[in-house]
1. Would you calculate, for the chain, the mean residue ellipticity at 222 nm contributed by helices, counting each DSSP H stretch of 4 or more residues as -39,500 (n - 2.57) and dividing by all residues, to the nearest 500?
2. Quick query: amide H of ALA31 versus all other amide H atoms, modeled in the peptide plane; which residues come in under 5 Å with a sequence gap of 5 or more or a different chain?
3. Averaged per residue, what accessible surface does the chain expose to a 1.4 Å probe, in Å²?
4. When Lys and Arg each count +1 and Asp and Glu each count -1, what net charge do the other residues less than 14 Å away from LYS42, Cβ to Cβ, add up to?
5. Largest first, what is the accessible-area ranking of ARG4, ARG49 with a 1.4 Å probe?
6. Using the alpha-carbon atoms, what tilt in degrees (0 to 90, nearest 10) does helix 45-54 show relative to the longest principal axis of the chain?
7. Mind checking Rg over Rh on the chain, alpha carbons, Kirkwood formula for Rh?
8. State the percentage of accessible surface on the range 12-64 attributable to carbon and sulfur atoms; use a 1.4 Å probe and exclude ligands, DNA and RNA.
Amino acid sequence: MRVRIDEDACIGCGTCEEICPDVFEVVDDVAHVKIGDKDVPKDLEALVREASESCPVEAIPLEE
């Protein structure tokens, strides 16, 4: 699985960072993926999926 942030849609609410701080961080009111374009580690996939589903503006698309 890979994850990215739609920076145009992101409102910087921080929900993703709260759910999975190993993958997401909010800087200057925009979320960023800390692991770049690498595959999400298997042990973090469930948290990344939860963060994506919890995003209020659907700014975290996943690539399976």
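1. After summing the helix terms and dividing by residue count, I get -6000 deg cm²/dmol.
2. For ALA31, whose amide H was placed from the backbone, the distant partners under 5 Å are GLY12.
3. Per-residue value: 63 Å².
4. -2
5. In descending accessible area the options line up as ARG4, ARG49.
6. For 45-54 against the chain, the angle is about 30 degrees.
7. Across the chain, the Cα-based Rg/Rh ratio is 0.90.
8. 44
The values are calculated or read from the model by the stated rules, or taken from the named source; none is laboratory data. Because the structure is a prediction, the values reported are computed rather than measured. Here the Cβ is made from the backbone with ideal geometry for all residues, glycine too, and neighbour counts use every protein chain on show. To get the accessible areas, we keep the full protein, side chains included, count just its heavy atoms, and leave off ligands, DNA and RNA. Shrake-Rupley method; radii C 1.70, N 1.55, O 1.52, S 1.80 Å.
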